[in-house]
Amino acid sequence: MIPTITAFERSPDRGRGLARDMRVRWALEEVNQPYHVRLLSFSEMKEPAHRALHPFGQIPTYEEGDLVLFESGAIVFHIAQCHAGLLPDDAVARAQAISWMYAALDTVEPPIWDLSMAMILEGDKSWYEERLPMLKERVRVRLGELSLRLGDADWLNGEFSAGDLLMVTVLRRLNGADILNAYPSLLAYVARGEARPAFRRAFDAQLAVFLSGSSAPSAL
Ligand code: GTB
């Protein structure tokens, strides 16, 4: 059965592949699973029909027959469990790769998200300049720890896994920001992820959505 995912009809990232459907698209491409995409406007996301699939009225969702999932991490995990290629067969290595999935979403993403939201939404606030160094420092701490653990390895836990897939999508939010440039091994890690053919296919697919409606104004 071909699953259907949801994505922004008009992503505010202007085709940079930063919205969370990107990680689901990438996972599906890694396992060579074809998929359909239903594009939603911001207002459609808040309508009852979509809230029946996603309690918070967001993207992405994943539908496969009677199965409906929300939360990009859970969706990637489901894909990784149902297909070979994103989690090791060995039980110990598999559990470790799953730890990296949680680390990406629960330990590394929050400070990066907080920093980028502050930079996008809070620049005009009186306390912005005072708060920014603290937010940047929290990101630097995590990047330092992550680069120390990655060392000279290509991937976080042996072979490429769903943990790397999620971690790369999390770090990509810092692409082009000075803060990531201080960690050459992480820059190379992100570049390795982005060079994977499955990543390219997923990226091009979401970019095509943006380009097909690119005369529209961006919300961010
Ligand atoms: N924890 C959930 C998950 O991982 O699936 C979070 C889902 C989520 O935040 N979805 C966002 C959404 O639907 C899109 S991805 N927002 C609309 C709403 O809440 O009304 C977050 C996102 C949005 C925009 C950019 N960007 O422009 O760069 C990047 C990421």
Look at residue 31 and say whether it is modelled with pLDDT of 95 or more, β-branched (Val, Ile, Thr) and either buried (at least 23 other Cβ atoms within 10 Å of the Cβ) or in contact with a Gly (Cβ under 6 Å, 6 or more places away or on another chain) (or both). yes
Hey, among 38, 94, which residue is open to solvent by 40 Å² or more (accessible area, probe 1.4 Å), of a type outside the set (Phe, Trp, Tyr), within 14 Å of the ligand (Cβ to nearest atom) and free of Cβ contacts under 8 Å to residues at least 40 places away in the same chain? 38
Being under 19 Å from the mean Cα position of the chain (by Cα) and more than 25 Å from residue 95 (Cβ to Cβ) is the requirement here; does residue 139 meet it? yes
Scan the stretch 138-153 and tell me whether some residue there is crowded, with 20+ Cβ neighbours inside 10 Å, in contact with an Asp or Glu (Cβ under 8 Å, 6 or more places away or on another chain) and either under 17 Å from residue 103 (Cα atoms) or not aromatic (Phe, Trp, Tyr) (or both). no
Going through the stretch 3-16 in order, the residues found to be in a loop (DSSP other than H, G, I, E, B) and either near the ligand (Cβ under 7 Å from one of its atoms) or within 16 Å of residue 75 (Cβ to Cβ) (or both) are 3, 11, 12, 13, 16
Per the filter on the stretch 64-83, residues touching a residue at least 24 places away in the same chain (Cβ under 8 Å) and within 21 Å of residue 17 (Cα to Cα) are 72, 73, 75, 76, 77, 79, 80
Please count how many residues of the stretch 41-88 are open to solvent by 40 Å² or more (accessible area, probe 1.4 Å), closer than 23 Å to residue 158 by Cβ and within 11 Å of the ligand (Cβ to nearest atom). 0
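The values are calculated or read from the model by the stated rules, or taken from the named source; none is laboratory data. Predicted model, so just to flag it, every value in this text is computed and none were measured. With ideal geometry, Cβ positions are generated from the backbone for all residues, glycine too; neighbour counts draw on all protein chains shown. The area values use the complete protein model at the heavy-atom level, side chains included, leaving out ligands, DNA and RNA. Shrake-Rupley method; radii C 1.70, N 1.55, O 1.52, S 1.80 Å.
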